[in-house]
Amino acid sequence: MKTKIAQEIPEGYLKYTGRKTATIVFLALLTCVLVVLAINAGSAELNPIQIIMTLLGKGDENSRVVIWNIRLPRILAAIIAGASLSVAGCVMQNILRNPLASPFTLGISQGAAFGAALAIVVLGAGSMQSRAADAVIISNPYIVTISAFTCSMAATMVILALAKHVGAKPEAMVLAGVALGSLFSAATTIIQYFAHDVQIAAIVFWTFGDLGRVTWNNVNIMFFLTITALLYFMLHRWDYNALDSGEETAKGLGVEVDKLRLIGMTLSSLITSVAVAFMGIIGFIGLVAPHMMRRIIGGDHRFLIPGATVMGSLLLLAADTLARTMVKPLTLPVGAITSFMGAPLFLYLLLSREAKKR
Amino acid sequence: MILSVNNVDFRYPSHNVLKNVKFEVERGDCLAILGTNGVGKSTLLKCINKILRPQQGVITVEKDEISKLSLRKVAQKIGYVSQRQESGRFTVFDAVILGRKPHITWDVTERDMAIVNHIIKMLGLESFSLRYIDELSGGELQKVVIARALAQEPRVLLLDEPTSNLDLKNQLDVLNIIQNVVREQQIAAIVTMHDLNLAIRFADKFIFLKKGTIFAAGGFEIITPEIIEEVYAVPVAVESFRAIPVVVPL
């Protein structure tokens, strides 16, 4: 079957798609290597043999706790959250026909920050205590998580309801997202104004984004949702390609554009909100990882969706590993590291591509 | 009969566009829809293709009522090339494969690839099939989007001003390709156009729209100075040159 198909395709085209597949596989392997490094990196000194033994279930109690309870959930969270933020951005940029769209375009991050602030200050989830590694601890993370998730999804729901009512016009959705985002920001500011300084510290700390907060349970939820969304996105990869050729052309090719847009937005918002609720705001990945992949392998969603997924995982895992190891034993805010690392890399890709065009 | 449009009305909330439009198209027909800017030519094509839903009227393609078909089923029967093209970062080959979208369930098959390859050869696109479409000239891009519509294996081909961006040679090339496909495969093409002489050269049936409704429909016999002056409000002479009517504005 495969060889017969190959006969119909010009050889150059097979090389061209082969290169894309190879790039994605290479990035996936790079992520695997990074996983090993990331398990190894940290305050508790472990050697590779201990790690392998522990993963096989034969390690000592101490390394078992460190690896299974602390490092592995964190690493898996980085891989899954990176993938989900990036693929959500990839799909949002396509369905909203806007290169600046990201998982946070619809006011999700501001909604989540407001939800967290509300929980910490009003619902009393934020009685603080100090610890050497972390400046503040949120005493009731469940309330904060639920509140952040509810508020970020509320932003999405408002926009979806609006879209349903007046038609799913991309510009209107982006603008509504900006409006809701500033509404939530204003509400957060007002909460902060009336909060104690420790509470403000907790709110700010929450918004930094921290992968250390996740539990195995969180990882499982994120994994299930992200896989579901990925399957849907892959199933519609041809539709996204059609939409890139213009809305009318897509409809002419049989794509139910409004439906594609609404489901795509719902799924992207859902996986983003879940990640944000568990880990806080991790910016940049969702905006830039898909653009990086577009620069590297082009805009064909057959390759771009898996590509952006892998790129997101790689970036977030690399950022988190750096965040943990740069200033031991402190852990720097991962959201800042993603931008520190990603922005120069992205600018480089942008410039090298423009230079090539000349 | 391959397509029938029966008493179609379409209005936007602010104004009426089409009123009581009714015509039929036979296999092998090249139909040109003519009329002034804003008269509803593009709207009519979009109604046929279900991109817009007419408030009233019935459109059938090969006996299937399109209002009862999913967009995907419509796309299996009707190919559409819109007036404006957006070019993403795709190769020509990818862009033409996209035409198989209405037939693809999970991935392309051997048959899809064979069709794409055949169409690329037919339109002479092999030499740049691996170029990115955002790096093509207007004429090349127009041929690519027509190739994409042909890859749909449509029964009816709708083309909204397919020649407006093209130079003389490309205009003739593109129209010849469409004519040949229509005749060989016994499908139908409906084309909106502004250049009357090009329309005369290409089409064998004509519809003049005026104020959202059909003012005249038929073959060469309706290409008369009176009708054209009524429709465009420009006095013209229609001369015969090598047995083909030629419209000359006065």
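The values are calculated or read from the model by the stated rules, or taken from the named source; none is laboratory data. Because the structure is predicted, anything quoted here is derived from the model rather than measured. Please note: Cβ atoms are built from the backbone with ideal geometry, for glycine as well, and neighbour counts cover all protein chains shown. For accessibility, only protein heavy atoms count, side chains too; no ligands or nucleic acids. Shrake-Rupley method; radii C 1.70, N 1.55, O 1.52, S 1.80 Å.
P(r) tail, region A:222-305: Cα-Cα pairs separated by more than 15 Å, 64% of all pairs.
Charge dipole (Cα centre; +1 on Lys/Arg Cβ, -1 on Asp/Glu Cβ; no other charges) of the protein assembly as shown amounts to roughly 800 debye.
Surface composition of region A:20-357: carbon and sulfur make up 71 percent of the accessible area, probe 1.4 Å.
Once A binds B, the 1.4 Å probe can no longer reach about 3300 Å² of accessible area, counting both sides. The charge dipole of chain A, taken about the Cα centre with unit charges on the Cβ atoms of Lys, Arg (+1) and Asp, Glu (-1), comes to about 800 debye, rounded to the nearest 20. Of the residues A:V122, A:V219, A:V91, the one that moves most in a GNM of chain A with alpha-carbon contacts below 10 Å is A:V122. Taking every DSSP beta bridge that has both ends in chain B, the antiparallel portion is near 60%.
3J(HN,Hα) couplings calculated from phi for region B:115-124 with the Karplus curve 6.51 cos²θ - 1.76 cosθ + 1.60 (θ = phi - 60°) are, in sequence order, 5, 4, 4, 4, 5, 4, 5, 4, 8, x Hz; Gly and Pro show x. Throw me the Rg/Rh for region B:43-108, computed over C-alpha atoms with Kirkwood Rh, two decimals. Ratio value, two decimals: 1.02. Legend: distances between Cα atoms for A:K259/B:K73; A:K164/B:K211; A:K15/B:K77; pairs beyond 23 Å are A:K164/B:K211; A:K15/B:K77. Ranking A:T156, B:I227, A:Y232 by how far each Cα lies toward the positive end of the dipole of the protein assembly as shown (charges on Cβ) leaves A:Y232 at the top.
Annotation: peptides A:100-108, A:58-66, ranked by per-residue average of other Cβ atoms within 10 Å with the highest first, follow the order A:100-108, A:58-66.
For region B:1-119, the share of accessible area belonging to carbon and sulfur comes to 45 percent (1.4 Å probe, ligands and nucleic acids excluded). Between B:E126, B:E184, B:E24, the Gaussian network model of chain B with springs among Cα atoms under 10 angstrom shows the greatest mean-square fluctuation at B:E184. The mean number of Cβ atoms from other chains found within 10 Å of a Cβ in peptide A:232-243 is 3, as a whole number. Accessible area per residue for the protein assembly as shown is 44 Å², calculated with a 1.4 Å probe on protein heavy atoms, without ligands, DNA or RNA. The fraction of all Cα pairs in chain A landing in successive 10 Å bins from 0 to the largest distance is 5, 23, 31, 24, 12, 3, 1, 0, given as whole percents.
Please state the charge dipole magnitude for region B:158-243, taken about the Cα centre, from unit charges on C-beta atoms (+1 on K and R, -1 on D and E), reported in debye and rounded to the nearest 20.
Around 140 debye, computed over region B:158-243.
As a rough guide to protection, the peptides A:15-25, B:208-218, B:186-196 ranked by mean Cβ packing within 10 Å, highest first, stand as B:186-196, B:208-218, A:15-25. Normalised by 2.2 N^0.38 Å, where N is the number of residues, the alpha-carbon radius of gyration of the protein assembly as shown equals 1.16. Listed by chain and number, the lysines placed with their C-alpha closer than 16 angstrom to that of A:K20 amount to none; residues fewer than eight positions away on the same chain are left out. How crowded by other chains is A:253-259, given as the mean number of beta carbons from other chains within 10 Å of each beta carbon? Across the residues of A:253-259, the mean count of other-chain Cβ atoms within 10 Å is 6.
Among A:V214, A:L315, A:T17, which residue has its Cα furthest toward the positive end of the charge dipole of chain A, with +1 on Lys/Arg Cβ and -1 on Asp/Glu Cβ? Value computed over the given set: A:T17.
Here the ratio of the Cα radius of gyration of chain B to 2.2 N^0.38 Å is 1.01.
Across peptide B:78-89, what mean number of C-beta atoms from other chains lies inside 10 Å of a residue's C-beta?
Details: counts 2, 2, 5, 3, 7, 1, 3, 4, 9, 3, 13, 8.
The shielding value for this peptide is 5.
From its DSSP helices (H runs of at least four residues, each -39,500 (n - 2.57)), chain B gives a residue-normalised ellipticity at 222 nm of -9500 deg cm²/dmol.
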